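Trainee: First the structure, then my questions, so here it is.
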Amino acid sequence: MGRLRNLVHLDLSNNHLTGHIPPTLGRLSKLKILNLSSNSLVGNVPSTLSHLTQLTTLAIASNQINGSIPLEIENLKVLHVLDLSRNEIGGSIPSTIGHLKRLRILDLSQNKLVGPIPSSVGPLTQLTTLNMHSNRINGSIPLEIGNLNFLQVLGLSDNKLEGPIPSTIASLVNLKSLSLHYNNLIGPIPSTLGHLNRLTDLDLSENKLVGPIPSSVGHLNFLQDLDLSNNKLEDLSDNKLDGPIPPELMNCSKLTTLILGNNLLSGSIPSQIGKLQKLCYLDLSGNSINGKIPYQLGAIPGIHTVDLSMNNLSGGIPVFVRKVPHLDVSGNKFGGEIPTTLANAPPPHHKTIATRLVAIILAMVAFLALIFGILIIRRRRDKE
């Protein structure tokens, strides 16, 4: 294959290729696109690939590649896409990766990378996607990440990152998805995250964050999925919030998923929650929320799951429960009688399907019994 000197585009993805990546591929000096993804390739990334100086796309995702990222990768000066995700690549991320200044997509996710995120990612100002999730990366998130002004997706979840969320992330004004969950991040949620007004997905769950949920989150008008669960968030009175769940959060009118479970939240559920008309999934479980369930929650038309368990809610269970297929209010302080409206609650979807299946089966049995009876009668007549 190394003799195909005029080859520009080589796509061998989604096959059953095995063995090593041949070093002779480095002889294809005119190659611009090399895609070997979704095979069963093993071994190292050959350093000879660094000879492909016209390469714009290098994709070796979803194989069994091990070893480390070769330092010589810095020679691929015009590279736009580097995808080494879903392999077994170890070692640290080389600082020389910062020389790939035309890079737009960098995906190193789901490997065995260790060490810190190099500050040399700062010059990669053309990046739109930076994925390093599901590795063993440690250290802090470098301040230089705030230089990536075109970044739309930042995925650093499921690592061993520590330290605070850098305030420089607020400079990523084009960011749509920010995922930092399953790390060891500490400190408060920066109020400057409210500047990311194009954000649709924000996941900071499973960290060690403390302090209040900043009211500036209410400025994220395009936010659809918010997960802050399993932290140590609590209300701090000197922030002058009306409660640990800031009413400003209810301005995020596009929210479909709101997960704040397993924190130290207190106060009441804001009555403004009825403004979240697209909300489908609400989890406030495992907090110290008190007061009554606001009736406005029942005005959300498409909500299908509400988990308010293990709080200090009191009063009666409101009548809106008959509109919610999946409701958990266990471990609270509710009193009074069980609402009779529960009897009119719509059955969960799976029960409706089961009921229909039973009806169909019974109808088929009755039909077969009728056919069988007719056949027996005919046989008796034939004998006579």
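The values are calculated or read from the model by the stated rules, or taken from the named source; none is laboratory data. Being a predicted model, the structure only gives us computed values, none of them experimental. Ideal geometry is used to build each Cβ from the backbone, glycine not excepted, and the neighbour counts take in all protein chains shown. In case anyone asks, the SASA skips ligands and DNA or RNA and just uses the protein heavy atoms, side chains included. Shrake-Rupley method; radii C 1.70, N 1.55, O 1.52, S 1.80 Å.
Trainee: Tell me, what ³J(HN,Hα) does each residue in segment 144-150 have, in order and in whole Hz, if you take phi through Karplus 6.51 cos²θ - 1.76 cosθ + 1.60 with θ = phi - 60° and put x for Gly and Pro?
Mentor: So the Karplus estimates, Gly and Pro as x, are 5, 5, x, 7, 7, 5, 9 Hz.
Trainee: Run the simple label-point estimate for T125 and L4 please: 7 Å along Cα→C-beta, distance reported in nm.
Mentor: A separation of 3.8 nm, rounded to one decimal place.
Trainee: Give me the accessible area per residue for segment 186-337, probe 1.4 Å, as a whole number in Å².
Mentor: That works out to 43 Å² for each residue.
Trainee: Still on this structure, I have one more. For N174 and S253, FRET efficiency with R0 = 22 Å and r from the beta-carbon atoms, rounded to 0.05?
Mentor: Working from the Cβ atoms, E equals 0.55.
Trainee: Assuming 0.36 nm per residue, please report the length gained on full extension of the stretch T305 to L143 beyond their Cα-Cα distance.
Mentor: Length gained between T305 and L143: 54.5 nm.
Trainee: Separate question: Given a 1.4 Å probe and the protein chains all in place, what does the accessible area of H80 round to, in Å² to the nearest 10?
Mentor: 50 Å²
Trainee: Okay, moving on. Of all the accessible heavy-atom surface of segment 186-337, with the other protein chains kept in place and a 1.4 Å probe, what percent is carbon and sulfur?
Mentor: 49 percent
Trainee: Please turn the phi angles of segment 187-195 into ³J(HN,Hα) values with the Karplus equation 6.51 cos²θ - 1.76 cosθ + 1.60 (θ = phi - 60°), one per residue in order, whole Hz, x for glycine and proline.
Mentor: x, x, 6, x, 5, 5, 4, x, 7
Trainee: Still on this structure, please answer the following. Of P142, N207, S167, which is farthest along the charge dipole of segment 117-240 in the positive direction, counting Lys and Arg as +1 and Asp and Glu as -1 at C-beta?
Mentor: The residue sitting farthest along the positive end of the dipole is P142.
Trainee: On a 1.4 Å probe surface of the protein chains, which of F320, F150 comes out largest in accessible area, and what is the full order?
Mentor: Putting F320, F150 in descending order of accessible area: F150, F320.
Trainee: What number, in nm² with one decimal, is the all-direction average of the projected area of the convex hull of the alpha-carbon atoms of segment 186-337?
Mentor: That works out to 8.0 nm², a quarter of the Cα hull's surface.
Trainee: What pairs from K32/K176; K208/K333; K30/K101; K160/K208; K30/K77; K77/K176 go past 22 Å between their alpha carbons?
Mentor: The pairs that break the limit, which is 22 Å between Cα atoms, are K32/K176; K208/K333; K77/K176.
Trainee: Spelling out what I want: for every residue of segment 89-98, take phi, set θ = phi - 60°, compute 6.51 cos²θ - 1.76 cosθ + 1.60 (Karplus), and round to whole Hz; glycine and proline get x.
Mentor: In residue order, the calculated couplings are 6, x, x, 9, 7, x, 5, 5, 5, x Hz.
Trainee: Another one. If each residue of separation counts as 0.36 nm, what is the full-extension length gain between S266 and T24 once their alpha-carbon separation is subtracted?
Mentor: Answer, rounded to one decimal: 80.8 nm.
Trainee: Starting from the Cα of V78, step 7 Å along the direction of its Cβ; do the same at N14; then give the gap between the two resulting points in nm.
Mentor: 2.7 nm
Trainee: Say each of K278 and Q64 gets a label point 7 Å from the Cα, pointing the same way as Cα to Cβ; how far apart are those two points in nm?
Mentor: A separation of 4.4 nm, rounded to one decimal place.
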